[in-house]
Amino acid sequence: MATLEQQFEWLKETTLSDLINYILEKHHTFTRDEIFNLTSLMAKVANRHGQNHFELFALEKVFNELCNDLDSHLLKEEQVLFPYIEQLEKSLKNQTAIPFSCFGTVQNPVRMMMIEHDTAGDLLRKMREISNDYILPEGACPSYTALFNRLEAFERDLHQHIHLENNLLFPKAIELEEKVFG
């Protein structure tokens, strides 16, 4: 199986705008869709099976915390950080005025996003622990099975998403800003 680095090798040579578009279309869209779908599925399974599997209530609580964190996180990226990176790239390419930022250097929001990524990772680990690595109980119904399968897929996608931002987008954005302000 290919490592994350190998899977995303092709993205190393792309523009930051194209990388951002990929993250938005693939990962932000998936995250929002799954939050919507998993929230109702989680409530259904917890309400139906929670009396015999108390851990489902704890899992639901942590999942909801993750969803709330992700909702504001995605908005900050989409409305503040990503547009600034795209404007920075465009200004360098077209040799136009450098965009104004309310946050000083791009390193400031990047640092905050990485802290939030760490928090998301902690919550994902907590969910995995509560669910016993998403091992289904004996005789789990189709909804219970779907919930755990989708939570694992959600976790995988979120790890890929975070990897692309932390290890590709953010370092390239910092490097770009250093070129511009050089």
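The values are calculated or read from the model by the stated rules, or taken from the named source; none is laboratory data. Computed from a predicted model, the values in this text were never measured in an experiment. To get the accessible areas, we keep the full protein, side chains included, count just its heavy atoms, and leave off ligands, DNA and RNA. Shrake-Rupley method; radii C 1.70, N 1.55, O 1.52, S 1.80 Å.
Computing the accessible area with a 1.4 Å probe over protein heavy atoms, can you report the carbon and sulfur percentage for the chain?
Working: 5370 of 10010 Å².
Ligands and nucleic acids excluded, carbon and sulfur give 54 percent.
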Keeping every protein chain present and rolling a 1.4 Å probe, give me the accessible area per residue for the stretch 102-182 in Å². 50
Within the chain, helix-based [θ] at 222 nm, where runs of 4 or more DSSP H residues each add -39,500 (n - 2.57), nearest 500: -23000 deg cm²/dmol
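With a 1.4 Å probe and every protein chain left in place, work out the accessible area per residue of the stretch 28-101 in Å², rounded to a whole number. List each step's numbers first, then the result.
On the way: 4200 Å² over 74 residues.
Normalised by residue count, the accessible surface of the stretch 28-101 is 57 Å².
Any of K93/K179; K12/K93; K12/K76 with alpha carbons more than 20 Å apart? Name them for me. Working shown, then result.
Details: K93/K179 11 Å; K12/K93 18 Å; K12/K76 24 Å.
Violating the 20 Å Cα-Cα cut-off are K12/K76.
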